[in-house]
Amino acid sequence: MQKQFLTYLKNTIGLQEDQKVLVAVSGGVDSMVLIHLLLQSPYDFHVAHMNFQLRGEDSEGDRELVQSFCLKNSIPFYTRKVDTLRLVEKSGKSTQMIARDLRYEWFDELLKREKLDFIATAHHANDHFETALLNLARGTGTNGLKGILPIRGKRIRPLLFATKAEILSYAEREKIIWREDSSNESDKYKRNFIRHHLVPLFKEINPSVLQTFQSTAAKVAADVYYLEQSFLQFKETNLQENGTESVIEKDILDQEVNKAMAYRLFEELDFDMKTINKILTDGLSSSGLQFESPNYIVWADRDYFSLTEKKEVEKVYHVIDKPGSYSIGGHTFQFRQQDELPEQNELRDPNKAFLNFDKLKFPLVLRSWEERDRFQPFGMKGTKLVSDYLIDIKVPVYQKRHQLVLESENRIAWLVGHRIDDSFKIDVKTKSILKIDQVIIN
């Protein structure tokens, strides 16, 4: 096994002899075999053991075993004790999730502090296969079927080439001491259920299923890499950034050739498959629908999907007490008083407004629009809800969230960027005009 181990480290993981590794060691057979193999290698490594205090005296026994091995072999050793159950109760997350987060947060700290290059864990071929089956059951798509990668960022898995049986055989042959975790026998954990009941069934069909899966997973990983590169190109070409939001045309996602890209796009935003299917059916055929994941919101407009993180849009409320220049909500506004009538091309510019100065009363208020807002669009009879007007002129959902209005004495004088109120219009008899220029700066 030692020869296979060194070959795997060098050729598959690409570890250099001058690189240093932090090894996560629980005291179980897998991690104890890993540090035994590393001890016979040319690689420099340190050991980290986290005591989760989940098994009483047994947890202390695990720490003592790992610490004793490191002391005997002059291996730098780090340990940390955490009250996992208290944190589970406080956060509401699962014990496994909390333990994983605590472990890797601490490992990352050690990596940086001790100037180490990689974190090594003792995942093996059985873990690799079980992870793919677990992901298949959860519905994680192609990405989950590649199982566990040999190297991902700063994390490496040097034992991924070996089966559990091979690891146990090596441990017994080399008389390596390890400690058993009784929780590994409990079927209340999904991974254990897969390990105890499903994997044996696969082995009945194909006794070499673990080795076969290694080859399959490598092919899947290559396919996933190709898809990831294609997906990056797809986003760069089709996803349009608009401040804190992004938009993409529905027609693009509705094309059969882009279905895989559509699924990956919404998976990346933490949507589950049920919701993604609704987005790509109801969302594509309707407008005004909203879909939420834990961290993102997708709005379905007529022709676009608007994608944004769950952050409140900052409400704008600014008092304009006199003509001048104002920077407000990512815009610069110039308010100037003038006597001459504007040119026709200026009147057609949506970022300019010309209001009858004598009908305005300062201070004016520039603010975010609200659902109850009404105004009388220039040239129309009667008032109209701002929300209805924005729908009529097909303003995208993502733009509506940032829509501003200018009001005088609680009456809207200008729907910014679109139309003035008829009550404040100018004509040849107007003596004084308020000219407003809007410049969007972000």
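Overview of values
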{"item": "The range 119-169, subset hydroxyl-bearing (Ser, Thr, Tyr) and in a loop (DSSP other than H, G, I, E, B), residue nearest to VAL224 (Cα to Cα)", "result": "THR140"}
{"item": "Subset of the range 400-416 (residues that are surrounded by 18 or more Cβ atoms within 10 Å (Cβ to Cβ) and either part of a loop (DSSP other than H, G, I, E, B) or modelled with pLDDT under 90 (or both))", "result": "HIS402, GLN403, VAL416"}
{"item": "Test set (1) surrounded by fewer than 11 Cβ atoms within 10 Å (Cβ to Cβ); (2) assigned by TED's automatic domain parsing to the domain that holds THR131 - GLN229 fails condition number", "result": "(2)"}
{"item": "Scope the range 6-23; condition surrounded by fewer than 21 Cβ atoms within 10 Å (Cβ to Cβ) and closer than 24 Å to VAL66 by Cβ; matching residues", "result": "LEU6, TYR8, ILE13, GLN19, LYS20"}
{"item": "Candidates ALA162, ALA171, ALA222 - the one that is loosely packed, with under 15 Cβ neighbours inside 10 Å and of a type in the set (Gly, Ala, Ser)", "result": "ALA222"}
{"item": "Scan of the range 426-440 for residues that are surrounded by fewer than 16 Cβ atoms within 10 Å (Cβ to Cβ) and farther than 20 Å from VAL395 by Cβ, ordered by number", "result": "ASP427, VAL428, LYS429, LYS431, SER432, ASP437"}
{"item": "Long-range neighbours under 7 Å by Cβ, at least six apart or interchain, first residue crowded, with 23+ Cβ neighbours inside 10 Å within the range 122-136, second of a type in the set (Ser, Thr, Tyr) and assigned to a helix (DSSP H, G or I)", "result": "ALA122/SER31"}
{"item": "Only listed residue being within 22 Å of ILE391 (Cβ to Cβ) and either assigned by TED's automatic domain parsing to the domain that holds VAL395 or hydrophobic (A, V, I, L, M, F, W, C) (or both), chosen from ILE279, ILE252", "result": "ILE279"}
{"item": "Test: residue in the range 100-111 that is hydroxyl-bearing (Ser, Thr, Tyr) and within 24 Å of LYS164 (Cβ to Cβ)", "result": "yes"}
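The values are calculated or read from the model by the stated rules, or taken from the named source; none is laboratory data. The structure displayed is predicted, hence computed values, not measured ones. Neighbour counts are summed over all protein chains in view; Cβ atoms, including those assigned to glycine, are modelled from backbone coordinates with ideal geometry.
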